[in-house]
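The structure under discussion appears below in the form of C-alpha cells.
No lab work stands behind these numbers, since they all come straight from the coordinates. Computed from a predicted model, the values in this text were never measured in an experiment. Note that we place each Cβ from the backbone using ideal geometry, even for glycine, and neighbour counts take in every protein chain shown.
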Amino acid sequence: MKLYKRENYLKKIRGFYHDTDLIKVISGVRRCGKSCLMQTIADELKESGISSENIFYIKLDKRGYKNIKNA
C-alpha cells in the first residue's frame with residue numbers, strides 16, 4: 001500500500017525521532033491516519049540507518065495483542 005506522506009505532521013515529529021528521554025504519543029480520533037503516520041515514521045527511521053530489529057510496530061487492534069497490559 002502506498003502511503004501519503006503527511007509532511008506537515010512529519011516536520012513537527014522529526015526532531016523527536018532520536019530523543020530517547022521522551023515518550024512520544026500520537027493521538028487522534030479513530031481512523032484519522034495515526035497508524036499510517038507511524039508506518040511512515042518507521043520507514044523513515046529504516047532509511048536513516050536504524051535496523052528493522054530495533055523498530056517495534058504492534059497493531060493493538062488485532063486480537064492476538066488484546067491481553068497486553070504492561071511494557
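Annotations
- Spin-label model, Glu44/Lys5: points 7 Å from Cα along the beta carbon direction are separated by 0.9 nm.
- Structure note, pairs Lys2/Lys59; Lys11/Lys34; Lys11/Lys62; Lys2/Lys66; Lys24/Lys46; Lys2/Lys69: Cα-Cα distances above 24 angstrom occur for Lys11/Lys62; Lys2/Lys66; Lys2/Lys69.
- Mean ellipticity per residue at 222 nm, deg cm²/dmol - from DSSP H runs of n ≥ 4 across the chain, formula -39500 (n - 2.57): -9500 deg cm²/dmol
- Segment Ile55-Asp19, length gained on full extension (0.36 nm per residue, minus Cα span): 11.5 nm
- Under conditions of 25 °C and 0.890 mPa s, the chain yields 178 µm² s⁻¹ as its translational diffusion coefficient, taking Rh as the Kirkwood radius over Cα pairs in the Stokes-Einstein equation.
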